[in-house]
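The structure appears right after this line, and notes come after that.
The values are calculated or read from the model by the stated rules, or taken from the named source; none is laboratory data. Given the structure is predicted, the values throughout are model-derived calculations rather than measurements. For neighbour counting, all protein chains shown are included, and Cβ atoms are generated from backbone atoms with ideal geometry for every residue, glycine included.
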Amino acid sequence: MIYTNLCGDRIRISLKRGEMIKLFGSEKRLCEGCADTKAALGLLLEKAVTECGFNAENGDVLVEIVGNISGGCDIYFVKEKVAPKLKGSKNAPTVFEFESCQKAILAARAFILKGYSPAKSHFFKTEKGFYILAPCGLGHQQTKLLKGFAKRVYSLNLAAAVVEEYGERLIADHAILTLSRL
């Protein structure tokens, strides 16, 4: 278990797969809002406060859980006052998660066939799947088209940061255009 204090208002707890299973019982239980899961998260937060100096006073703390490259998860505790900066930024790229590279290629081809051409996009691979990070200025119709092929869609700075940190960048800059030509 690795605790990383991020500027006093945010903390990341990285769990390996075995640690995650031991603490939560299973991946499925981690995603449930049951009392056991909440209690385990409460213990992690308490440890973050006592051992790492995370300041949880004066406001609520939001929790975000994302898979990491070890097969475990990263748990982010974020003070509510800084959450809008991380979550609601208009400059956050849209992150499209695909089950396979082939699905990402099909999405890119459909995107280009519709006549759309994004200025910048990036393509990443992680243990969990493939990701296209599209620019923040992506239009509603463009987003809707890519969502049709994607497994999940995120519009958070935090999601983009996790993909960039743990993923391997396969195509930089014009990823959608490059993928459409494969």
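General observations
- Only one of the numbered conditions (1) among the charged types (D, E, K, R); (2) part of a helix (DSSP H, G or I); (3) touching a strand residue (DSSP E or B) at 6+ places or on another chain (Cβ under 8 Å); (4) closer than 26 Å to F77 by Cα is not met by K128, and that is (2).
- When region 23-65 is limited to residues that are among the aliphatic types (A, V, I, L, M) and over 25 Å from E165 (Cβ atoms), the one that is modelled with the lowest pLDDT turns out to be A35.
- Long-range neighbours under 7 Å by Cβ, at least six apart or interchain, first residue at negative phi and part of a helix (DSSP H, G or I) within region 143-166, second surrounded by fewer than 18 Cβ atoms within 10 Å (Cβ to Cβ) and of a type outside the set (D, E, K, R): L145/A110; K147/V153; N157/S89; V163/T126; Y166/I69; Y166/T126
- Restricting attention to region 167-182, the residues that are basic (K, R), part of a loop (DSSP other than H, G, I, E, B) and touching a residue at least 40 places away in the same chain (Cβ under 8 Å) total 0.
- Inside region 130-148, residues that are under 21 Å from V66 (Cα atoms) and surrounded by 18 or more Cβ atoms within 10 Å (Cβ to Cβ) make up a count of 5.
- Selection count, region 144-182, where residues are of a type in the set (V, I, T) and out of contact with any Ser or Thr (no Cβ under 6 Å at 6 or more places or on another chain): 4
- Taking the listed residues L106, L86, the one that is surrounded by fewer than 20 Cβ atoms within 10 Å (Cβ to Cβ), among the hydrophobic types (A, V, I, L, M, F, W, C) and modelled with pLDDT of 80 or more is L106, with no other qualifying.
- Residue-level check: of (1) farther than 24 Å from L23 by Cβ; (2) at pLDDT 70 or above, N68 misses just (1).
- Per-region count, region 118-137, residues small (G, A, S) and at pLDDT 70 or above: 3
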